[in-house]
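Chemist: Please find one structure pasted underneath; my questions will follow.
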Amino acid sequence: MNNSQAKKYSNTKLAFSISETILSFVLLFLFTFLGLSIRLEMYIRTILSNNYAVFIIYVLVLAISSAILFSPFNYYTDFYLEHKYNLSNQSFLKWIWEGSKAAMIGAAFGIPLLMLFYYILQKFGIIWWLPFGIILFIFSVVLAQIVPVLILPLFYKVTLLENESLKEKIMHLCKNAGLKVGSVFKFDMSKNTKKANAAFTGLGRTKRILLGDTLLDNYSEDEIETVIAHELGHYKKKHIIKNIIIGTLSSFLTFYLIAHLHRISLSWFGFTAITQISSLPLLGLWTAIIGLIETPLSNSISRKFEYEADNYAVTSTQKTEAFIKTLEKLTDQNLGDREPHPLVEWFFYSHPSIKNRIAYIKSASTPINY
Ligand SMILES: [Zn+2]
């Protein structure tokens, strides 16, 4: 497969996502700095008097205008590019429908969470980060449990895996890893994309293995087995728990920092109180700055976990060749850049590049002679 195509695709996507981030940062800064935010809040207050109503309308105006403003970006990267590189199976109307569904579900969870945030901010003042961090932690645990059973079926048809021999192999692998897994499911990923994927989702009783039909249709049983073994590697090396702990600690730290940076920077923008609705975009600006520092850090932790899971996949199945072939096929099918610039990989990649993965797998599976 020609890597220049993949490189072009990956670089275009990356360039667009960087420009979008910079643009949204600049716009948010100008919106706040030029006093437009204060004026928007004042205008809403001429119509509504209830603080919560003002807050929700303010947030909706911001969310809807940014959705409209960034729709060309979205269309280009999410629809046009996917079709240009022949990766999508979606019609335009289907794309709009799936996007609207995602927006509605986002709003159904996001609006109550934002209301709660505003309530906590008023009640607790500068220490809002502590109660809100706790609530967000509980929310993320609940969300992890309901995603496979409630959210995913809204987007895909999830059915039990019928292939008995494959199911048996997978169950055997799970048993060896000491994992009780409810069932193995497949979902119709092909209705949207030609890309392939597998996932290990859920928490507690909703823990399950999900395989895209695009994976099941194009990969041999041995190859699929190595994909599952990789996912089991994440479980075996306790990455799920570690991720929850790291995520919780880092969100507390982030909230603590932005709470204080927000308060300190209020006067630079002409605000007087942290509870002032129009000052809240400042939280977004600070979150973006902290996020920029955290991205390479969390990505390097994630890449470390990926190597560990790869190691488990190879040692538990002893199918090094099949695993390498699977990774090669997945990279080609998903048009991944085989060899991104090391700096790009370091900053943006949550998974190591295929080149580094294969080099690692080969070194991990070479028996060492003492
Ligand atoms: Zn992984």
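Chemist: In whole angstrom, how far apart do the alpha carbon centroids of the range 244-267 and the range 151-193 sit?
Modeler: 38
Chemist: Now a separate question. Can you work out the base-10 log of I(q)/I(0) for the range 295-370 at q = 0.25 1/Å, using the Debye formula on its C-alpha atoms alone?
Modeler: Summing over Cα pairs of the range 295-370 leads to -1.20.
Chemist: Then there is this: If you line up the Cα atoms of the range 197-280 on their principal axes, what length do they span on each, largest first, in Å?
Modeler: 63, 26, 22
Chemist: So what are the ³J(HN,Hα) numbers for the range 147-152, from phi and the Karplus equation (6.51, -1.76, 1.60; θ = phi - 60°), rounded to whole Hz, Gly and Pro as x?
Modeler: 3, x, 8, 10, 7, 4
Chemist: I've got another one for you. With both partners inside the chain, how many of the DSSP beta bridges are antiparallel, as a percent to the nearest 5?
Modeler: Rounded to the nearest five, the antiparallel share is 65 percent.
Chemist: Show the residues, 5+ positions off or on another chain, whose built amide H is closer than 5 Å to the amide H of residue 184.
Modeler: So residue 184 has HN proximity to 161.
Chemist: Have a look at 83, 234, 341 and tell me which one the Gaussian network model of the chain (Cα, springs below 10 Å) gives the largest fluctuation.
Modeler: The residue that fluctuates most here is 341.
Chemist: Let me see the P(r) profile for the range 219-370: every Cα-Cα distance counted, bins of 10 Å, each bin given as a percent of all pairs.
Modeler: Going from the shortest bin to the longest, the percentages are 10, 29, 26, 17, 11, 6, 1.
Chemist: Picking from 142, 184, 314, which is most flexible by a Gaussian network model of the chain using Cα springs under 10 Å?
Modeler: 142
Chemist: What are the ³J(HN,Hα) couplings of the range 265-270, residue after residue, when phi is run through the Karplus curve with 6.51, -1.76, 1.60 and θ = phi - 60°? Round to Hz, x for glycine and proline.
Modeler: Listing the rounded values in order: 8, 3, 5, 4, 10, x Hz.
Chemist: By how many nm would the segment from residue 119 to residue 348 lengthen if fully extended, with 0.36 nm per residue of separation less the alpha-carbon distance?
Modeler: In short, 78.9 nm is gained.
Chemist: If you don't mind, there's one more thing I want to ask. Which number do you get for Rg(Cα) / (2.2 N^0.38 Å) in the chain?
Modeler: That ratio works out to 1.11.
Chemist: Further, regarding this structure: Where does each of 292, 216 land when they are ranked from fewest to most other beta-carbon atoms within 10 angstrom?
Modeler: Ranked by crowding around the Cβ, least crowded first: 292, 216.
Chemist: Set Lys and Arg Cβ to +1 and Asp and Glu Cβ to -1, take the dipole of the range 3-365 about its Cα centre, and tell me which of 28, 218, 116 lies farthest positive.
Modeler: Final value for the positive-end residue is 116.
Chemist: By per-residue mean of other Cβ atoms within 10 Å, what is the highest-first order of 298-311, 97-110?
Modeler: Peptide ranking by packing, descending: 298-311, 97-110.
Chemist: How much length, in nm to one decimal, is gained on full extension between residue 134 and residue 66, taken as 0.36 nm per residue of separation minus their Cα-Cα distance?
Modeler: Gain in length upon complete extension: 21.6 nm.
Chemist: Now for a separate question. Which value in deg cm²/dmol, rounded to the nearest 500, describes the helix-derived mean residue ellipticity at 222 nm for the chain, given -39,500 (n - 2.57) per DSSP H run of n ≥ 4 and division by the residue count?
Modeler: Mean residue ellipticity, 222 nm, calculated: -23000 deg cm²/dmol.
Chemist: Another question, then. In this model, which of 180/242; 157/195; 207/325; 236/319; 13/191 are farther than 25 Å apart at the alpha-carbon?
Modeler: 207/325
Chemist: Something else: Using the Cα atoms of the range 18-82 to build a convex hull, what is its mean projected area in square nanometres?
Modeler: Spelled out: convex hull of the Cα atoms, projected over all directions, averaged, 5.1 nm².
Chemist: In addition: Would you mind getting me the FRET efficiency between residue 111 and residue 339? Use the beta-carbon distance for r and R0 = 35 Å, nearest 0.05.
Modeler: According to the calculation, E is roughly 0.20.
Chemist: Semi-axes of the equivalent ellipsoid for the range 235-304, please: Cα gyration tensor eigenvalues, times 5, square-rooted, ordered largest first, whole Å.
Modeler: Semi-axis lengths for the range 235-304 are 32, 12, 8 Å.
Chemist: Right, another one. Which residue fluctuates the most in the chain, going by a Gaussian network model with Cα springs under 10 Å, if the choices are 352, 296, 72?
Modeler: Of 352, 296, 72, the Gaussian network model singles out 72 as fluctuating most.
Chemist: Length gain on complete extension for the stretch residue 11 to residue 91, per 0.36 nm per residue less the alpha carbon to alpha carbon distance?
Modeler: Residue separation times 0.36 nm, minus the Cα-Cα distance, leaves 26.4 nm.
Chemist: Where a ≥ b ≥ c are the square roots of the eigenvalues of the C-alpha gyration tensor, would you call the range 70-206 rounded, which needs a/c under 1.5, or, failing that, prolate if a/b is larger than b/c, or oblate?
Modeler: oblate
Just so you know, all these numbers are worked out from the coordinates, no wet-lab data involved. Predicted, not measured: the structure shown is a model, and the values here were computed from it. So basically every Cβ, Gly included, is an ideal-geometry build from the backbone, and we count neighbours across all protein chains shown.
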